[in-house]
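Read-outs: derived from the displayed coordinates by stated rules, not from any lab. Predicted model, so just to flag it, every value in this text is computed and none were measured. Cβ sites come from the backbone with ideal geometry, for glycine too, and all protein chains shown count toward neighbours.
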Amino acid sequence: MKNNNQHIILKTEDLSIGYTSKKAKTIVASNINIELHKGEFVGLIGANGIGKSTLIRTLTQVQAPLNGSIHLNKKNVVDYNPLDLAKVMSLVLTEQIASKNLSVFELVALGRQPYTNWVGNLSRNDIEIVDKALIQTNLCDLKTKKCFELSDGQLQKVMIARALAQDTDLIILDEPTTHLDMYHKAYILKLLQKLAKETNKTILFSSHEIDLAIQLCDKMIVMTDKEVVSDEPCNLIAKGTFETLFPKDLISFDETTGTFRVMN
Amino acid sequence: MSNKKTYHKSFIALLAILIFCFFINISLGSVSIPLKDIFNSLINNATEQETWQHIIQNYRLPKAITAIIVGSGLGISGLLMQTLFRNPLAGPFALGISSGASLGVALVILGSSFFGGVLASLFISKWGIVIAASLGSFLVLLAVLAVSIKVRDTMAILIIGLMFASITAAIVSVLSYFGSAEQLQQYIFWGFGSLGNLTWHDILILLFIYGLGIIISVLSIKPLNTLLLGENYAKSLGLNIKQSRLIIIIATSLLAGTITAFTGPIAFIGLAIPHITRQVFNTSNHKILLPAVFILGAIVMLICDSIAQLPNSDYTLPINAITSLIGAPVVIWLLVRKRKMVF
């Protein structure tokens, strides 16, 4: 267990996710048992409406689980205070940031907030970490640009750099490739894969880019209406998990190429 | 970093302008007083005429100080609201603070006939109005706060604040309908706003609460910067959203509530000063914005007041009208000339 690569960062036990209203519980998915290790690059895939977002929201503490528990670094997430949680888990969300008048450096530097003093002054160490995050994401040229001057792809890189600067063991990204063209989808996922390897951080992202995820991920979490499976992509292909992802009337999974094809 | 130096220069320039405006403001008035005597009276030396010293020390100086407090306080509360609600249209009054104050004052002035006789005259005293305005804005704010605990969406709170404003405005117009002409005039005069009615004693009280509001605002700089990312990101950075929201709203109400109570509603400053500051400094970092809004707000208010008192005449224009007349075109000009409204 002491082995670095075996160190478990995120673990869920019999997790059930969904919504509670006054009348009843709506269970979206249950019996979710996931283990993510240090430095793993993990993709979460599933059809629209299957509960990817609900799972992400539950893992990131936006909503409470219906049942079961989530452990981060062997500690139950409910036992974390908000500030300590911010030092272990950082997020890249689908929502737009409120102010785009921030410069790239300022925005990435906001990732240091859990570590700075009451007025948010950056220490030399903080600035070094921010600069390093900018280098790792190839953003040094854009450092002084305002966020409203950036393209979608550049902005996504900035948000990733911000999460890096937060210096957490786990980074969770909610659909980081939406709104991007084919090249930039591959670029962002490739970048994330590189970052997971270089920084030994665990990176979990949800996505619809199944073929890219199969090629790049160390592990994939596949949500179908029956179950939630997590395994290495090649094992999942062998088990035929991808066939069960979608209704079978329109597209089918081609095991040899690892892609979906439209049926004639 | 490289930016810091330019900010230093801008701040020194702004401070110089502030001091300049302060002296201009004191030297202008219905009675013309030579510059030399103004300086003399400020450092407590004898002036050529004793009345001049009296005018400056008991009338112009408190008014100038009030202008600084009002401009900086309303500007900062506007900045807090715009960041908290992530809405460039938010101001201290969007939360219903001014309408609450108006309601309180309307109840006292227009409703005094219902209370009758001795009680009425007690109510209409200056302190009666100050207390009524404070109570009114505080109560409306409590209502907004109570709602904000239930409603998670900040946009909804903003709309609820506007709804409260409509309700109070409606009650005020019903009261005006039944009020006498004299009462109506008194209420309308309060609505014009005035910086000149404060004694040194009033200023001390105002200064105390205002100071409290400023201190809380300064302590909120870091949460405010975090909120620039939006609430979900702020939460992921370990910020306690509910607590920060409460603290920021309290700071706003302390600043805007007391200022409105003492000077009447003063339009435009709270909304426009943060925008002008963002255009001038081209940043959204509250470590820069907060002091910049403070100084710019004070400058603009001093200028507005200097114009309102129509130098060398006996007339004083309603300050509320001047702030809008001067300020609104400035904002339009800035936005048209520079670029889109940054936030």
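Quick one: of the DSSP bridges fully inside the protein assembly as shown, what percent are antiparallel, nearest 5?
Close to 60 percent.
Which whole number of Å³ per residue matches the convex hull of the alpha-carbon atoms in segment A:180-264?
Values: hull volume 9.3 nm³, N = 85.
So the per-residue Cα hull volume is 110 Å³.
So what is the diffusion coefficient of segment A:181-228 in µm² per second by Stokes-Einstein at 4 °C and 1.567 mPa s, using a Kirkwood Rh over Cα pairs? The partial results should precede the final answer.
Working: Rh = 11.7 Å.
Answer from the Stokes-Einstein relation: 111 µm²/s.
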- Message: Once R0 is set to 41 Å, what does the formula 1/(1 + (r/R0)^6) return for the Cβ-Cβ distance between B:Val151 and B:Leu35, expressed as a FRET efficiency to the nearest 0.05?
- Response: 0.15
- Note on the structure: Calc'd 3J(HN,Hα), segment A:199-209, phi into Karplus 6.51 cos²θ - 1.76 cosθ + 1.60 (θ = phi - 60°), Hz, glycine/Pro = x, comes to 9, 6, 8, 8, 10, 10, 9, 9, 6, 9, 7
- Message: How large is log10 of I(q)/I(0) for segment A:141-180 at q = 0.20, 0.24, 0.28, 0.35 Å⁻¹ when the intensity is taken from the Debye formula with one equal scatterer per alpha-carbon?
- Response: -0.67, -0.88, -1.03, -1.21
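Just need the relative contact order of chain B here, percent rounded to a whole number, with Cα pairs under 8 Å and 6+ apart.
Details: 497 pairs, mean separation 103.4, N = 343.
It rounds to 30 percent for chain B.
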- Membrane-span-like helices in chain B: DSSP H runs reaching 20 Å or more (Cα, own axis), mean Kyte hydropathy at least 0.5? B:2-27, B:61-84, B:126-150, B:154-178, B:200-219, B:286-308, B:319-337
- Item | Under the Karplus curve 6.51 cos²θ - 1.76 cosθ + 1.60, θ = phi - 60°, whole-Hz ³J(HN,Hα) for segment A:184-198, x wherever Gly or Pro sits | 6, 4, 5, 4, 5, 5, 4, 4, 4, 4, 4, 5, 4, 5, 5
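State the dimensionless ratio Rg/Rh of segment A:1-71 (Rg: radius of gyration of Cα atoms; Rh: Kirkwood radius).
Values: Rg = 13.6 Å, Rh = 13.2 Å.
In segment A:1-71, Rg relative to Rh is 1.03.
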- Message: Between B:Leu42 and A:Thr144, what is the label-point separation in nm under the 7 Å Cα-to-beta-carbon projection?
- Response: 3.8
- Just tell me how shielded B:218-228 is by partners: mean number of partner chain Cβ atoms within 10 Å of each residue's Cβ, no decimals. 4
- Give me the log10 of I(q) over I(0) for segment A:123-264 at q = 0.20 Å⁻¹, as the Debye formula computes it from C-alpha points; what are the numbers? -1.22
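222 nm [θ] for chain A, helices only, -39500 (n - 2.57) per DSSP H run of 4+, per residue, to 500? Before the final figure, lay out each step's value.
Details: 8 runs with 78 residues, N = 264.
Helix contribution divided over all residues of chain A: -8500 deg cm²/dmol.
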- Query: Over all residues in A:111-123, what is the mean tally of Cβ atoms on other chains that come within 10 Å of each residue's Cβ?
  - Reply: 4
- Which order, highest average first, do B:190-201, B:243-254 follow once you tally other Cβ atoms within 10 Å for each residue and take the mean per peptide? B:243-254, B:190-201
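Mind running the shape call on segment B:2-337? Use the C-alpha gyration tensor, a ≥ b ≥ c as the square roots of the eigenvalues: rounded below 1.5 for a/c, prolate if a/b tops b/c, oblate otherwise. Each step should come with its number before you reach the end.
On the way: a/c = 1.97, a/b = 1.10, b/c = 1.79.
The shape class here is oblate.
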- Note on the structure: Taking trypsin sites (Lys or Arg not before Pro) in a DSSP loop with at most 13 other Cβ atoms within 10 angstrom as exposed, one finds the longest site-free stretch of chain A at A:75-225
- Task: Measure nothing but the geometry: give the 0 to 90° angle between the long axis through the Cα atoms of A:152-165 and the longest principal axis through the Cα atoms of chain A, rounded to 10°.
- Result: 70
- Short to long, in 5 Å steps from zero, the percent of alpha-carbon pairs of chain A per bin is 1, 6, 12, 16, 18, 16, 13, 9, 5, 2, 1, 0, 0
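Among B:162-175, B:266-279, how do they line up by average Cβ neighbours within 10 Å per residue, starting with the highest?
Numbers: B:162-175: 16.0, B:266-279: 25.6.
Answer by packing, highest mean first, reads B:266-279, B:162-175.
Between A:Asp249 and A:Gln63, what is 0.36 nm times their sequence separation minus the Cα-Cα distance? Round to one decimal in nm.
Numbers: separation 186, 0.36 × 186 = 66.96 nm, distance 3.46 nm.
Full extension of this stretch gives 63.5 nm more.
Just from its helices, what would the mean residue ellipticity at 222 nm be for chain B, if runs of 4 or more DSSP H residues each count -39500 (n - 2.57) and the sum is divided by every residue, rounded to the nearest 500 deg cm²/dmol? If you can, show how the numbers build up before the last one.
Numbers: 18 runs with 258 residues, N = 343.
Taking each H run of at least 4 residues, the total per residue is -24500 deg cm²/dmol.
Is segment A:38-107 best put as rounded, prolate or oblate by its Cα gyration tensor, with a ≥ b ≥ c the root eigenvalues, rounded for a/c under 1.5, and otherwise prolate when a/b is larger than b/c, oblate when not?
Working: a/c = 1.82, a/b = 1.27, b/c = 1.43.
Cα axes put segment A:38-107 in the oblate bin.
Shape verdict for segment B:223-282, please, from the Cα gyration tensor: rounded (a/c under 1.5), prolate (a/b greater than b/c) or oblate.
Details: a/c = 4.11, a/b = 1.47, b/c = 2.80.
Oblate, since a/c reaches 1.5 and b/c is not below a/b.
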- Query: What translational diffusion coefficient, in µm²/s and rounded to a whole number, does the Stokes-Einstein relation yield for the protein assembly as shown at 20 °C and a viscosity of 1.002 mPa s, taking the hydrodynamic radius as the Kirkwood radius over Cα pairs?
  - Reply: 78
